[in-house]
1. Provide the FRET efficiency to the nearest 0.05 for the Thr70-Ala92 pair, computing r from the beta carbons and using R0 = 35 Å.
2. Could you give log10 I(q)/I(0) at q = 0.16, 0.18, 0.20 Å⁻¹ for the range 1-71, computed by the Debye formula over C-alpha point scatterers of equal weight, without solvent?
3. What residue among Thr70, Thr38, Thr23 shows peak mean-square fluctuation when the chain is described by a Gaussian network model with Cα springs under 10 Å?
4. I'd like the chymotrypsin sites (Phe, Trp or Tyr not before Pro) in the range 1-80 restricted to DSSP loop residues with at most 16 other Cβ atoms within 10 Å, sorted by number.
5. Between their Cα atoms, which of Lys11/Lys80; Lys47/Lys90; Lys52/Lys90; Lys52/Lys88 are more than 25 Å away from each other?
6. Subtract the Cα-Cα distance of Phe81 and Ala31 from 0.36 nm times their separation in residues, and report this length gain in nm to one decimal.
7. Which residue, chosen from Trp4, Thr46, Ala91, occupies the Cα position most advanced towards the positive end of the dipole of the chain, where the dipole is computed from +1 (Lys, Arg) and -1 (Asp, Glu) charges on Cβ about the Cα centre?
8. Given a 1.4 angstrom probe, what's the average accessible area per residue across the chain, in square angstrom?
Amino acid sequence: LMEWACLQLMKPHMDAGEGSLGTAIDVTHLAATPPGFTVTVDVECTKIDGRKLEFKVSAHDGADLIGEGTHGRAVVVWDKFNARVAQKAKAAA
């Protein structure tokens, strides 16, 4: 959920044909959430270095802070990314 929230924050700022991939996640789980509770996630972009972004993330269930940490994502151009993956698969065959 924390990764998804970061992706949603990025989406309006990406060009057509771009997407993002998670590159790192470091989250501490602090409390359990009972069934039926609503979890709210807060994200803040703390660093942009070219195509790499870092986020501060936290999740709350209305009663407790249930998790917090950091998440990294990289912006990719899907056509280029898919071509590199296809080349790798071809080389491994």
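1. Once rounded, the FRET efficiency stands at 0.60.
2. Debye intensities relative to I(0), on a log10 scale: -0.58, -0.70, -0.82.
3. Result for the chain, Cα springs under 10 Å: Thr38 fluctuates most.
4. When the chymotrypsin sites (Phe, Trp or Tyr not before Pro) of the range 1-80 are filtered for loop state and at most 16 Cβ neighbours within 10 Å, Phe37 remain.
5. Lys47/Lys90; Lys52/Lys90
6. Value of the extension gain: 14.3 nm.
7. Sorting the options by dipole projection puts first Ala91.
8. 70 Å²
The values are calculated or read from the model by the stated rules, or taken from the named source; none is laboratory data. All figures in this text were calculated on a predicted structure; none of them were measured in a lab. Neighbour counts are summed over all protein chains in view; Cβ atoms, including those assigned to glycine, are modelled from backbone coordinates with ideal geometry. Accessible surface areas use protein heavy atoms only, side chains included; no ligands, DNA or RNA. Shrake-Rupley method; radii C 1.70, N 1.55, O 1.52, S 1.80 Å.
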